[in-house]
1. Compare the peptides 233-243, 110-120, 182-192 by average per-residue count of other Cβ atoms within 10 angstrom and give them in order, highest first.
2. Straight-line reach only, C-alpha to C-alpha below 21 angstrom: list the lysines that Lys111 could link to, leaving out same-chain residues fewer than 8 apart.
3. Given the Cα-Cα distance of Phe266 and His17 and 0.36 nm per residue of separation, how much length would full extension add, in nm?
4. Could you tell me how many degrees, from 0 to 90 and to the nearest 10, lie between the Cα long axis of helix 49-60 and the main elongation axis, the longest principal axis, of the Cα atoms of the chain?
5. Which of the peptides 126-132, 265-271 is most tightly packed, and how do the rest follow, going by the mean number of other Cβ atoms within 10 Å of each residue?
6. Starting from the Cα of Lys72, draw a straight line to each of the lysines and keep only those under 17 Å, dropping any in the same chain fewer than 8 residues away.
7. Can you list the lysines whose alpha carbon sits under 21 Å from that of Lys254, skipping same-chain ones fewer than 8 residues off?
8. Quick one: Debye curve from the C-alpha atoms of region 1-101, no solvent, what's log10 I(q)/I(0) at q = 0.12, 0.13, 0.14 Å⁻¹?
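Each value in this text was obtained by applying a stated rule to the coordinates, not by laboratory testing. The model shown is predicted, which means the values in this text are computed figures rather than measured ones. Note: ideal-geometry Cβ built from the backbone for every residue, glycine included; neighbour counts use all protein chains shown.
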Amino acid sequence: MDISIIIPFYKRIDQLHQLLTSIKKSLLQLSIGKQVQLIVVIDSIENTTEEIHQICDFHFQDLQFVHLLLLKNEQNLGVAKSRNHALLSARGTFLHFIDQDDEIEIDFYPKVFDALQLSDFVLVNGFFRPPNPKKQYKIFYFEPELTFKNLILDDFVRSPGQVVFKSSLVQGMLFPETNLHKGCDDRFMWILLFLHHPAIKATYVKQALYIAHLHANNFGSDSQQLMACSAEVWANFSSFNFGSNQKFVEENKKVIQFILGQNKSFANRLLFLKYKYRLNRTVRYLIKLAKQ
């Protein structure tokens, strides 16, 4: 397989239809010969394998190069465990994890495969789209620095669907699974990739090819939950050696402590302001404010 596209699914059939429609349109732009593994992990006990199979067939039965694999969790396990369930069955040279409530533009896969000819890890720009599409705003207005340091300081991957990467980078790694909080497993997967592959060839595609739909059920809409999840994972990573980047890891831990109200010292406030007002984040906020 050239690529494994992995979708954790939970309840929302309408969202799945929307995503699959966008994926099909983009796959049809690929050159002849590409083989695609589409993995859907059903994480809701209310939806049957047969039901999801019918939906996927509706979209892809005429595309012989798309090979469907449905995985069914016996109980609701959450997105991290669902991604890991799929990861163990992925056979693609490249991996693309995408959430059911998002979309891609028609040029997504052609542009990404072009970039992957010289890269291990491709990050594409995109839009945050609230319920009113006229108020959408870009994820990046300035090119992010794709380094481990900036991954810690700026968390530049805003959604897993922005990223396509070589499966060989994983080397047995899994998305961190947390017990108390949810929402940050993808962030720490990228941290692991960049930590274990310091020479990783990362490329940024500035064209906005990804759409992250914003709604009340997004994990990303609950900053306290995300920060608590990050604190939980950092605690689990306490034995990791981050080398020269340990300073930035410790800064991030202090920012999280400040946001969670665990340490409101003046020094931590300064680190928080340094984090909050990174250039792309500040511009996004100002543009979002102007569109309200």
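1. Descending packing order for the listed peptides: 182-192, 110-120, 233-243.
2. Those lysines meeting the cut-off are Lys24, Lys25, Lys34, Lys138, Lys166, Lys201, Lys206.
3. 84.8 nm
4. 80
5. Sorting 126-132, 265-271 by mean packing, highest first, produces 126-132, 265-271.
6. The qualifying lysines are Lys11, Lys81.
7. Cross-link targets: Lys149, Lys182, Lys264, Lys274, Lys276.
8. Scattering profile of region 1-101, log10 relative to I(0): -0.34, -0.40, -0.47.
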